[in-house]
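A.B. asks: The following block contains the structure, expressed as structure tokens.
Nothing in this text is a laboratory measurement; each read-out follows from the coordinates by a stated rule. None of these values were measured; they are calculated from a predicted model. With ideal geometry, Cβ positions are generated from the backbone for all residues, glycine too; neighbour counts draw on all protein chains shown.
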Amino acid sequence: MGGEGRVLATRLPATTRNEPSKRDAPRYGCWRYYAPIADGWHWQPYLPSESVEIGTVVQQLITDLPYREVPLGDFDQPEWSVDDVIRKLQMAARSDQIILLIVDAWAGDLKRYKELLTSFSGNVPVNRTAVVVPWNERDEETVQQQMVLQAKLRSWFRDHYFGDQPGPFFKPRVTSLEEFRTILPKVLELIRNGIESLRAAERQIIAPVRPVPQISSSRKDVNA
């Protein structure tokens with residue numbers, strides 16, 4: 001797709017389990033313009049080993065790839081609704097935009113995020129969506145609750161599984177910043193290649209069929 005490739009950068013921020021109200025302000029859309037201090041842009045999923053903010057990492061990766069960011073909207077606006085976000089994601093997928101969803105496994109603890117996550121599968125096309133879940137194995141609560149968290153992810157993103165295995169566009173347990181940096185471009189490239197392959201097939205179908213050349217010849221009547 002070259003310069004046509006686009007990522008609809010969408011992510012759910014970290015949630016503070018003891019004080020969820022303090023992490024109640026994610027933004028959806030262009031990373032550059034929706035990044036207040038309390039936002040998921042500043043989520044540091046790999047503390048204490050890595051203090052890098054996830055938004056900065058994603059912006060660096062996207063900038064290096066042939067994509068441009070497409071705003072989805074501001075999560076904090078009063079008119080925001082789950083139905084509106086799902087509708088925008090559906091429209092994005094229909095226009096061959098790639099949807100990138102970065103999810104904190106704890107995000108479902110907040111009602112507004114849970115509503116979106118439970119509405120995601122079945123409504124947003126799998127073949128246009130990359131879902132990446134940073135997973136901190138140094139976080140004691142995450143380790144203790146990992147079975148429950150994994151079950152929730154399995155339920156929220158049920159369409160992203162083939163049998164009991166996650167599909168190629170769903171990474172439910174990315175355990176390091178290095179792995180995150182490696183995986184994200186590969187997943188986006190897989191989706192982009194799929195779009196290009198489908199477009200090529202569609203061009204073959206709609207291409208006009210050239211008529212077979214007719215060979216005309218004259219022959220004398222042997223009885224003449």
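A.B. asks: Could you list M147, M91 so that the one with the fewest beta carbons within 10 Å of its beta carbon is first and the one with the most is last?
C.D. replies: M147, M91
A.B. asks: So for Y161, Y113, fewest C-beta neighbours within 10 Å to most, what's the order?
C.D. replies: Y161, Y113
A.B. asks: Counting other C-beta atoms within 10 Å, and keeping those with at most 12, which DSSP coil trypsin sites (Lys or Arg not before Pro) do you find in the stretch 134-204?
C.D. replies: Of the trypsin sites (Lys or Arg not before Pro), the ones in loops of the stretch 134-204 whose Cβ has at most 12 other Cβ atoms within 10 Å are R138.
A.B. asks: For a footprinting-style exposure proxy, rank L89, L101 by other Cβ within 10 Å, fewest first.
C.D. replies: L101, L89
A.B. asks: For H42 and R138, calculate 0.36 nm times their separation in residues minus their Cα-Cα distance, and state this gained length in nm to one decimal.
C.D. replies: Extending this stretch completely gives an extra 32.7 nm.
A.B. asks: Once you place label points 7 Å from the Cα toward the Cβ at Q204 and D109, how far apart are they in nm?
C.D. replies: 5.0 nm
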